[in-house]
Amino acid sequence: MSKEAKLLEIIAEILECELEEVSLETELNEDIWDSLSVVSFMAEADSEFGKTLSPTEVVAVKSIKDLLDLIQ
Amino acid sequence: MLNISDVDIAAIASTVPTAKINNFSLAEHFGEVEVKKIIKNIGVETRHIASVTQTTSDFCYESAVRVIKDLGWEPESIGALIFVSQTPDYQLPATACVLQAKLGLSKNTIAFDVNLGCSGYVYGLYLSASLINSGVDRVLLLVGDTISKIVNKDDRSTSLLFGDAGTATALQKKTGKKLSFTLGSDGTGFEHIIAKDKSIQDSAERGMSSAYLTMDGGEVFQFTLAAVPEMLNSFMAELGVASTDINACIYHQANRFMLKHLSKKSGFTSEQVPLSIVEYGNTSSASIPLTLCSQNIVNRDSIVMAGFGVGLSWGAVYADLSETALLSVVEV
């Protein structure tokens, strides 16, 4: 599975929505990208991609594309 | 790694308040979807909360009375009492002194408080073992918190998480027993979990609640992710044990999501990681002994206990608890 596909799968699970509902262009505003989502993503980035991210950079993202950049 | 020989953990007791809050009942305050999401993540379904007339020392006292009775210890045989808490009864004097008198211990008792939370139980065991190593025969380690008193009820990052509890651990000199420790601190992160904002209302009728607790969950998570697996994995390597050799790893009950992740990183199965957080919440310094007393851990000759958080501070201990009396949890 590509990094992008895995990322979308993770985000769908964190946001509790269907995989078809998310794409790299999906915007992450503070209503859905809250503190619980941020720590969940930090954990997944660590276990799935071996990346230790800071909460500041994960909070600051505007779209799923930004998250892909963080784990590259 | 620090090794202290000829020290035995003889008994542990834990006490919680009778009053119990079901987190699902907070849907009205925070919204149903939000509450369900938080519960799913942190894992806390119910929590026991102290009344306005109860203080941390009440729960520790109750636990202390039970371990002393269970072991048949004469009060004058106890050489030291250490009270570990971030929610002591008073700003001063030390709650340890209040408890020394209340428990009828000798005036020769060494009694003092230690201000640590999540890592506090491990530090308390280290201090107790060190005192025994210096010549004290028996030590009473009383560890507990009533964090509910310093939680801002509108802060969703803390108000569904914390429960109250007070514990007692009896340690004594015993040839052949050994405790191994690893301990550390990083005060550069002191602001990530802190109580500095003056409370608007203090409803406590006994004791004090001076400032609201605030927590930066993301920063705490980042610290934990970096520090705890590294600490535990090097500790086990130094001990010469594999994660599969450990009967149970008792983590500080920070939140369920975090514990699942930490377990995976240190190679523990869910069966090796007992959780008390679902029923009791994050009980701060008391969470490790409360988990030991509440979770019916059958095999206990190879136990790791790991505390981490506020300070920032961390520590782990390796112990044989196969002969330790773990008394049932009592509500008062």
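When we screen A:ILE64, A:ILE14 for residues that are among the β-branched types (Val, Ile, Thr), within 14 Å of chain B (Cβ to nearest Cβ) and more than 14 Å from B:GLY218 (Cα to Cα), the only hit is A:ILE14.
Of the strands (runs of 3 or more DSSP E) that lie entirely inside the range B:57-174, those containing 2 or more residues that are surrounded by 24 or more Cβ atoms within 10 Å (Cβ to Cβ) and at pLDDT 95 or above span B:80-84, B:138-145.
Checked against the criterion of being surrounded by fewer than 16 Cβ atoms within 10 Å (Cβ to Cβ) and not acidic (Asp, Glu), the candidates B:ALA211, B:ALA254 yield just one match: B:ALA211.
Would you confirm, using the coordinates I've provided, whether B:VAL304 is crowded, with 22+ Cβ neighbours inside 10 Å, more than 14 Å from chain A (Cβ to nearest Cβ) and either out of contact with any Phe, Trp or Tyr (no Cβ under 6 Å at 6 or more places or on another chain) or in contact (Cβ under 8 Å) with a residue 24 or more places away in the chain (or both)? In short, yes. Restricting the first member to the range A:1-30 and to residues that are more than 15 Å from A:GLN72 (Cβ to Cβ), and the second to residues that are surrounded by fewer than 12 Cβ atoms within 10 Å (Cβ to Cβ) and among the hydroxyl-bearing types (Ser, Thr, Tyr), no beta-carbon pair is closer than 7 Å while six or more apart or on different chains.
Yes/no matrix, rows are residues, columns are (1) within 24 Å of B:THR214 (Cβ to Cβ); (2) surrounded by 15 or more Cβ atoms within 10 Å (Cβ to Cβ); (3) within 12 Å of another protein chain (Cβ to nearest Cβ); (4) at pLDDT below 95:
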residue: A:GLU4; (1), (2), (3), (4): no, no, no, yes
residue: A:GLU18; (1), (2), (3), (4): no, no, no, yes
residue: A:SER35; (1), (2), (3), (4): yes, yes, yes, yes
residue: A:ALA45; (1), (2), (3), (4): no, yes, yes, yes
residue: A:GLY50; (1), (2), (3), (4): no, no, yes, yes
residue: A:VAL59; (1), (2), (3), (4): yes, yes, yes, yes
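If you scan the range A:61-72, which residues turn out to be surrounded by fewer than 18 Cβ atoms within 10 Å (Cβ to Cβ), touching a residue at least 40 places away in the same chain (Cβ under 8 Å) and in a helix (DSSP H, G or I)? Result: A:LYS65, A:LEU68. Checked against the criterion of being closer than 30 Å to B:GLY176 by Cα, touching a helix residue (DSSP H, G or I) at 6+ places or on another chain (Cβ under 9 Å) and in contact (Cβ under 8 Å) with a residue 24 or more places away in the chain, the candidates B:ARG138, B:ARG66 yield just one match: B:ARG138. Condition first: away from chain A (no Cβ under 14 Å) and among the charged types (D, E, K, R). Now tell me which residues in the range B:202-224 satisfy that. Correct list: B:ASP202, B:GLU205, B:ARG206.
Going through the range B:87-132 one residue at a time, which ones are under 16 Å from the mean Cα position of the chain (by Cα) and small (Gly, Ala, Ser)? B:GLY117, B:SER119, B:GLY120, B:GLY124, B:SER128, listed by residue number. Any residue at all in the range B:171-182 that's of a type in the set (Ser, Thr, Tyr) and free of Cβ contacts under 8 Å to residues at least 12 places away in the same chain? Scanning the range B:171-182, I find no residue that is of a type in the set (Ser, Thr, Tyr) and free of Cβ contacts under 8 Å to residues at least 12 places away in the same chain, so the answer is no.
Scoring B:PHE190 on the criteria (1) away from every other protein chain (no Cβ under 14 Å); (2) closer than 30 Å to B:ASP8 by Cβ; (3) assigned to a helix (DSSP H, G or I) leaves a single failure, condition (2).
Among the residues making up the range B:255-272, a single one is out of contact with any helix residue (DSSP H, G or I) (no Cβ under 7 Å at 6 or more places or on another chain) and of a type in the set (A, V, I, L, M): B:LEU259.
The values are calculated or read from the model by the stated rules, or taken from the named source; none is laboratory data. Remember, predicted model here, so these are calculated numbers, not experimental data. Ideal geometry is used to build each Cβ from the backbone, glycine not excepted, and the neighbour counts take in all protein chains shown.
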